[in-house]
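Working notes, structure below.
The values are calculated or read from the model by the stated rules, or taken from the named source; none is laboratory data. Small disclaimer: the values here were computed from a predicted structure and weren't measured. Positions of Cβ are backbone-derived with ideal geometry, glycine not excepted, and every protein chain shown enters the neighbour counts. We work out accessible area using only protein heavy atoms, side chains counted, and drop any ligands, DNA or RNA first. Shrake-Rupley method; radii C 1.70, N 1.55, O 1.52, S 1.80 Å.
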Amino acid sequence: DEQNPKPRKPFGLLAPMGDAAESPSAMPLVLLHDFYFVRKKHTTLEISIDGTRHDADQLPIPMDYTNMYFTRYSPKPMIATLNPAFDGEIEPLTVETDTQEIRLGDTLLTLNWTTDQPSLERMTCENDIHPLELRFDPAFPNIQSLADSARHEGHFEIEGDPSTGLVAGDYSIEKQDGVFTITMIPTGGWQPRPTKFSLRFLYSVAKVFKNWPATYQWTARLQENETGTFTMHSDWCRINR
């Protein structure tokens, strides 16, 4: 119950909830728009889970000259799960030459074409909060066009509303003896766009905010079947913790 008369000064945040996962089945991206920590003054805060009372942590430094709890109830976060672990068959997507965009439900694929081969430049997931983009540079190639022993590397970015910053990293594709190995590591972590000094200081002191995505690695192994489908096994692990 917040009764503080002073106006809020909200900002965007990627919640660091993924830092606690030991064996993640996906990479959780919880993007909080119009976010502000709970101010201690003029607030009554009670937390109870399954009948057990809990104390809220306090933010280690004041923000906007105010002591705050390290918490906030968010009624409408945007929650994305990147590449959930998968074990099974997948079918290739057939596209006509020079097709620039393909819509699959709420997802829009943007393609590039080079010598009659498509590559994936961007995926846009549309939703009722804000579009979420996954961008590749260079574009993610058609793996069926790769020669054996070939390796392709590039960068990727994941971005929603500009206020919530972006997640950046590296990807690679390698083909060896007919088996494709794909990795994605958010090596660049979360790159916020702080609008005030207190946020820049907080992110520099509490490094978990920016660094936790870089401890996630996704690995997928694909092999083409005689029927033209692919068998894929993919999972996540934590690295460099």
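Can you tell me how much longer the chain between ILE90 and GLU226 gets when fully stretched, taken as 0.36 nm per residue apart minus their C-alpha distance, in nm with one decimal?
On the way: separation 136, 0.36 × 136 = 48.96 nm, distance 1.30 nm.
So the extension gain works out to 47.7 nm.
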message: Residues of the stretch 191-216 with backbone nitrogen within less than 18 Å of a virtual label 7 Å along the Cα-to-Cβ line of CYS237, please, listed as ranges.
response: 213-216
message: On a 1.4 Å probe surface of the protein chains, which of LYS40, LYS175, LYS6 comes out largest in accessible area, and what is the full order?
response: LYS6, LYS40, LYS175
query: So what's the gap between the Cα centers of the stretch 13-74 and the stretch 90-142, to the nearest angstrom?
result: 35
- line: By accessible area (1.4 Å), largest first, VAL205, VAL167 order as VAL205, VAL167
Radius of gyration, Dmax [the stretch 97-213; alpha carbons; angstrom]: 17.1, 53
task: Using only C-alpha positions, report the orientation-averaged shadow area of the convex hull of the chain, nm², one decimal.
output: 16.0
task: Just read off the accessible area of TYR69 with the full protein assembly in place, 1.4 Å probe, to the nearest 10 Å².
output: 50
field: Accessible surface of LEU93 - all protein chains present, 1.4 Å probe, nearest 10 Å²
entry: 100
- request: Place a +1 charge on the Cβ of each Lys and Arg in the stretch 79-173 and a -1 charge on the Cβ of each Asp and Glu, then give the dipole magnitude about the Cα centre in debye, rounded to the nearest 20.
  value: 140
- prompt: Once Lys and Arg get +1 and Asp and Glu get -1 on their Cβ, which of THR115, ILE173, TRP212 lies farthest toward the positive end of the dipole of the chain?
  reply: TRP212
- request: Hey, can you grab everything whose amide H is under 5 Å from the amide H of TRP236? Only 5+ residues off in sequence or another chain; H modelled, so Pro and N-termini drop out.
  value: none
- prompt: In the structure shown, do any of LYS41/LYS76; LYS9/LYS76; LYS76/LYS207; LYS41/LYS210; LYS6/LYS196; LYS40/LYS210 have a Cα-Cα gap over 22 Å, and if so which?
  reply: LYS41/LYS76; LYS76/LYS207; LYS41/LYS210; LYS40/LYS210
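Report in % the part of the accessible area of the stretch 1-152 that belongs to carbon and sulfur, leaving out ligands and nucleic acids; probe 1.4 Å.
On the way: 4780 of 9780 Å².
Within the stretch 1-152, the accessible surface is 49 percent carbon and sulfur.
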message: So, taking all protein chains as they sit and a 1.4 Å probe, how much accessible area belongs to PHE140, in Å² rounded to tens?
response: 40
query: In nanometres, what is the gap between the two model label sites at ASP170 and HIS54, each 7 Å from Cα along Cα-to-Cβ?
result: 3.6
- prompt: Please state the relative contact order of the stretch 158-214 as a whole percent: Cα pairs under 8 Å, 6+ residues apart?
  reply: 33
Length released on extending from ALA147 to ARG8, taking residue separation times 0.36 nm less the Cα-Cα span: 44.4 nm
